[in-house]
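Read the structure below first, then the notes.
Throughout, read-outs are computed from the coordinates displayed, never taken from laboratory work. Keep in mind it's a predicted model, so treat the numbers as computed, not measured. We place every Cβ from the backbone using ideal geometry, glycine too, and count neighbours over all the protein chains shown.
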Amino acid sequence: MFLYKSISALQSHLEEVRRKSKTVGFVPTMGALHDGHGSLVAHSLNEGNYTVVSIYVNPTQFNDAADLEKYPRPVSSDLEKLYELGVDVVFLPSDEQMYPKGDESIPDIPLGHLGDTLEAAYRPGHFEGVVQIMDRLLRIVRPDVLYMGIKDLQQVAVVRKLIEESKFSCDLVGLPIIRESNGLARSSRNERLSDDDRKEAALIFETLKDTWRNYHDLSYQELKQAALDRLNHQPFQPEYFEFVQTDSLEILPTKPEGKKSVSAVTAVWCGDVRLIDNMEMPSAS
Ligand code: AMP
């Protein structure tokens, strides 16, 4: 496994790789790696890609300074995990590499409603930071295939838009949510939950599952009310619970006609830790 901290060294290495006509698979992460990241890496490797993983806690996508400060950074155990997984290259840039002085430009990508609903509404500036860092990473790594988790459903839609608008020649593969044994979606932020809260946080998955079960029998208004009532339970506090069109993330006030995929998406505070999750709803019968 190669480890690069400098952009130019990484780029010359990847030039060599591309000369041997290997396809490059890329998994961008913020570290504190868990099985969710592991699944993205395994997919890239299984599909025969030369696999690059970046670890970079991007400051510009944090709208909350305390969240950035508390974000876990266990770099040496992350490197061990990536070595065990058989990753080819790890890119571990510094802030100076990613944001050299004077260069804080953000590509002007028309995000439309993706830029102002759900996560964008509750985390102002977050997706501008995501677009900024992903644009830079994609220009540096130039992957053939980018692997991302649909746990961050809106992020996948935003990055898809970036790829289209900036004409990156890269496929984006969105992969399923990996969960803890009680159903809690794996997240680096779960490390900050107490043992009790981590157990109790199964409530989020249970609520999504109940919504799935009752989907055909109740209206969106009834399903939403039931979900919010259930999630509004100490130490949890729901921020939103909505039904969206899975690809576009457009919020649906009522059940749509036809067979378009619908997902329930939610964000829930547990103390000072913000958790997000989603589930695709059963298709129209
Ligand atoms: P992060 O390190 O949180 O920025 O996540 C890096 C990538 O891993 C993103 O594409 C996430 O969507 C993905 N990811 C995070 N958690 C999970 C999970 N539980 N299951 C699948 N993918 C995940």
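Key figures for this structure:
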| read-out | value |
| --- | --- |
| Spatially proximal lysines relative to residue 5 (Cα-Cα < 26 Å; intrachain offsets below 8 disregarded) | 20, 22, 70, 81, 101 |
| 5 angstrom amide H check on residue 275, placed H, neighbours 5+ away | 268, 269, 270 |
| Under 24 Å from the Cα of residue 260 - lysines, other chains or at least 8 residues apart | 151, 161, 209, 224 |
| Residues with amide H under 5 Å from that of residue 281, placed H, sequence gap 5 or more | 262, 263, 264 |
| Sorted peptide list for 205-211, 14-20, criterion being average Cβ within 10 angstrom, highest first | 205-211, 14-20 |
| Over segment 156-246, relative contact order from alpha-carbon pairs under 8 Å, at least 6 apart, % | 17 percent |
| Interchain or long-range residues, amide H under 5 Å from residue 3's placed H | 90 |
| Cα-based reach from residue 167 at 12 Å (exclusive), listing aspartates and glutamates while leaving out same-chain residues under 8 positions away | 135 |
| Burial ranking of peptide ranges 269-275, 34-40 (average Cβ count within 10 Å, highest at the top) | 34-40, 269-275 |
| Calculated from backbone phi, Karplus (6.51, -1.76, 1.60) coupling profile of segment 160-165 in Hz, x at Gly/Pro | 4, 5, 4, 4, 5, 5 |
| Span from the segment 27-97 Cα centroid across to the segment 232-285 one, whole angstrom | 26 Å |
| Residue among 90, 50, 120 farthest towards the positive dipole end of the chain, charges placed on Cβ | 50 |
| The chain: angle of helix 7-19 to the longest principal axis, Cα-based, in degrees nearest 10 | 90 degrees |
